[in-house]
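The values are calculated or read from the model by the stated rules, or taken from the named source; none is laboratory data. Bear in mind the structure is a predicted one, so any value in this text is a computation, not a measurement. Every residue, glycine among them, receives a Cβ derived from its backbone with ideal geometry; neighbour counts consider all protein chains shown. What goes into the accessible areas is simple: the full protein's heavy atoms, side chains included, and nothing from ligands, DNA or RNA. Shrake-Rupley method; radii C 1.70, N 1.55, O 1.52, S 1.80 Å.
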Amino acid sequence: ITASSAGVNGSYNAASDVVRSFDIVKPSSTAFFDERRQDPRYEAVKTKFTRKLLSKAALKGLIDLDGDGSITISDAELLFDSDDYDSDGDGMSNFMERAFGGDSLSNDSKTAKPRPIMKKDGKQRLGFLKYNADSNSEGIEYIVERSTDLRTWTTTGVTQVDLNGPGTAGKGMDAGGGMERVLYETSATRNASGGKQFLRVRLRTK
């Protein structure tokens, strides 16, 4: 990026160009954790996480990860930048935060989690943010499933709604940053499915 400023009149000379370079990388697990470490909130959230985890070491299954012969705060710190753990305590693991475009250093589960979209036609709908095909270099799979008893789940009877309208490419709506907003709905109504019907999205990565 180059910023230039011309001289306004005979009393002011043009300023020298200011040039700044940026490296843009595709979203990935590595990029996600690298970006977190540059966030000014990182150390404070990490301290809170490690103290809480260490205080419940036995309950949380904390083990000697650094091989020093004892369970210390260093072992807890090793789990802070881990996909399976919830850094900010909002109920979403770091992997879920990344997959749904959430903030893993702030309690934002209400806005980041998939949300039901209510209409009066009896169908169930679920909307969420996901990586678009071009930015999903990690290969995260978003599997939307339907159930009538919360025990057996299937992808049958679920369709993606086209949010862009006919004649446009893709069904998701661009949300920026390599993400898109998508919407899924059941093909049948709740009454046609025996009075109960549920939707969920399951995540899987390579």
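I need a count of the residues in region 119-128 that are assigned to a loop (DSSP other than H, G, I, E, B) and either at pLDDT 95 or above or surrounded by 17 or more Cβ atoms within 10 Å (Cβ to Cβ) (or both). Looking only at that region, the number is 2.
The number of residues in region 90-118 that are open to solvent by less than 50 Å² (accessible area, probe 1.4 Å), in contact (Cβ under 8 Å) with a residue 24 or more places away in the chain and either of a type in the set (Lys, Arg) or in a loop (DSSP other than H, G, I, E, B) (or both) comes to 7.
Only one residue in Tyr142, Tyr131 is touching an Asp or Glu at 6+ places or on another chain (Cβ under 8 Å), surrounded by 14 or more Cβ atoms within 10 Å (Cβ to Cβ), among the aromatic types (Phe, Trp, Tyr) and under 18 Å from Glu97 (Cα atoms), so which one is that? One residue alone meets the criteria, Tyr131. When region 37-63 is filtered for residues that are open to solvent by less than 100 Å² (accessible area, probe 1.4 Å), at pLDDT 90 or above and in a loop (DSSP other than H, G, I, E, B), the ones remaining, listed by number, are Asp39, Arg41.
Collect the residues in region 151-161 that are in a loop (DSSP other than H, G, I, E, B) and either within 16 Å of Tyr131 (Cα to Cα) or in contact with a Leu (Cβ under 8 Å, 6 or more places away or on another chain) (or both), keeping them in residue-number order.
Selection gives Val161 alone.
Return the total of residues in region 1-36 being surrounded by fewer than 12 Cβ atoms within 10 Å (Cβ to Cβ), touching a residue at least 12 places away in the same chain (Cβ under 8 Å) and not in a loop (DSSP other than H, G, I, E, B). Total satisfying the criteria: 6.
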